[in-house]
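All of the numbers you see were taken from the coordinates with simple rules; none came from a lab. Everything numeric here is computed off the predicted structure, so don't read it as measured data. Positions of Cβ are generated from backbone atoms using ideal geometry, with glycine treated the same way; all protein chains shown enter the neighbour counts.
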Amino acid sequence: MLVAGNVVVPAVTAVGQAVAATVEKAADAGGALAKGIGGTAKTVLDKMGGGHYDTTAMPGQIGNMAWSRRPTSDLFRAADGSLMFVVNSELHYALLFRTIDRPEVLEDPRFATWALRSQNVAALRAIIEEALATDTVANWERRLKAAGVAVAQVKNIGEALASPQLAHRNLLQTVPGPPGVDRPVTVMNAPFLCDEDGPGVERAAPGIGEHNAEVLAEAGYSPEEIAAFAREGAFWQAPARVRAPA
């Protein structure tokens, strides 16, 4: 994962796609269905907002913690980075502490219930991070996943962009540089795939005014008229860049 706990945008997107499919079916049947993105977001956030509807209590910020507010569904530091855990059940709670070699926690009365674990969250976190500090995020991710614990390494931008999954989906593409750049550049492709035509990126963004003549010619202007526009200053010109002093 790239940003721990950032589930709202993909969740809203997923619900929005489902709504779009429903709308299309309703239209085919002669019906109608309206669902704004704000309503979609509210539906997704109902897990967090339900208490506010009933009691008007304002939920506090929970940082990287999951919506379940379980103290073991949060971000934790290892020797060389961070891991995001999603540990919401007694089964996975036990698997977690056995895998990090802290089985005594399962018998500790301070952590006998989820309520007590939340009350003693600082002590619980200290135990987890003390154990995780003994190894790298890569090794812990491998061990915990093999044990059945939901965990993901938190990656920086460079690590995320180097993901084999992104390469498989052709999300990054290299194209010739734009005007003024004498090297290839890497750009982001669309985040979806189509059976027929990609999509794909064929070239870098054009320079300012690069296609003025072509566009005006398509609109019916003659080469002489286009040249006159240029002489009269009708085309915007980028100001000369001022170099910073060495």
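Given the Cα atoms of the range 62-111, and with Rh set as the inverse mean 1/r over their pairs in the Kirkwood sense, what is Rg to Rh to two decimals?
Rounded to two decimals, Rg/Rh equals 0.97.
Going out from 0 in 5 Å bins, what whole percent of all Cα-Cα distances in the range 75-159 drops into each bin?
Going out from 0 Å in 5 Å bins, the range 75-159 shows 3, 15, 26, 28, 16, 8, 2, 1, 0 percent.
Around ASP101, with a cut-off of 13 angstrom between Cβ atoms, what is the net charge of the other residues, counting Lys and Arg +1 and Asp and Glu -1?
Its environment carries a net charge of 0.
Compute the normalised compactness of the range 96-246: alpha-carbon radius of gyration over 2.2 N^0.38 Å, N being the residue count.
With N residues counted in the range 96-246, Rg over 2.2 N^0.38 Å equals 1.95.
Compute log10 of I(q)/I(0) for the range 135-180 with the Debye formula, placing one identical point scatterer on every Cα and leaving out solvent, at q = 0.19, 0.22 Å⁻¹, to two decimals.
-0.76, -0.88
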